[in-house]
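Beneath this line is the structure, given in structure tokens, with notes to follow.
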Amino acid sequence: MTAGNSSLVLHNSSSGAAGPDVDESPYNGMEITFDHEFGRHPSWRWGVEGAFNWMDFSAHQRSVAPAGVLGADSYSLGYTPPSAPYTGPYASGPFSPLLGTTATPVPVTVDSTFAANFYGFRLGPYLDLPLNKHLLLTFSAGLAVTIVDAQFSYIESNPMEGVTSAANASDVNVLAGGYVSALATLKLSPSVNVFAGMQFESSDSYQITAGTKRAEIDLSQALYFSAGLSFSF
């Protein structure tokens, strides 16, 4: 290719990570839980809980890899080719190219977009520990299943060639894991309570590949915080 008065050969190659991590900011969602009691004691009671939850996640990144990181290098041909149409000579002579041995790294820009819906199901036993007539602590643990419905796309470009590669992909995957949770409930009336709690969940990481790029979400150390109203019937 020709840039200004210079004749260049541009070389592209692939390497490792192309962009920064997404921050660990909180994301909003919702959960519906159902509890069924199986037994009780004056100081505790136990049962089984089931829950369905949903969370929407999206992230867009525009990262510029420093020159040379993604392997985009330009080499000078060492001469200016004659204008077209060229009719010869074709043998080695004054216009024989001399490819430079020193590469000039070229920065590469990667625009990537990841969006996913997370549908979660969990099931396990719970233990209620009443502290007084109005305050209750609940601990639970069990199986957690997450369905990930995701889309991933990227566009890679550099200032000399423009867009050099682009791809997109969609995928639905099921991830199994486990959870433990703690919940504090304050009784406002015989049938209405307010609650706040925290849940730790661990499952396999989710990965999706489009072209030469891969997006990954680490679900091995996920923390969920909840708050809301509960109704007894």
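What follows is calculated from the coordinates using simple rules that are stated; it is not laboratory data. The structure displayed is predicted, hence computed values, not measured ones. Cβ coordinates were reconstructed from backbone atoms using ideal geometry, including for glycine residues, and neighbour counts include every protein chain displayed.
Could you please report the charge total around THR146, scoring K, R as +1 and D, E as -1 over all other residues with beta-carbon less than 13 angstrom from its beta-carbon?
Charge balance near THR146 sits at -4.
Sum up the charges of everything whose Cβ sits under 11 Å from the Cβ of TYR179, counting Lys and Arg as +1 and Asp and Glu as -1, but leave TYR179 out.
On the way: positive: ARG122; negative: GLU49, GLU201.
Charge balance near TYR179 sits at -1.
In what sequence do PHE233, PHE225 fall when counting other Cβ within 10 Å, fewest first?
Neighbour counts put them in this order, fewest first: PHE233, PHE225.
If you take every residue apart from ARG45 with its C-beta less than 13 Å away from the C-beta of ARG45, what net charge results, scoring Lys and Arg +1 and Asp and Glu -1? Show your work: numbers first, answer last.
Values: positive: ARG40; negative: ASP35, GLU37, GLU49, ASP128.
Taking every other residue near ARG45 into account, the sum is -3.
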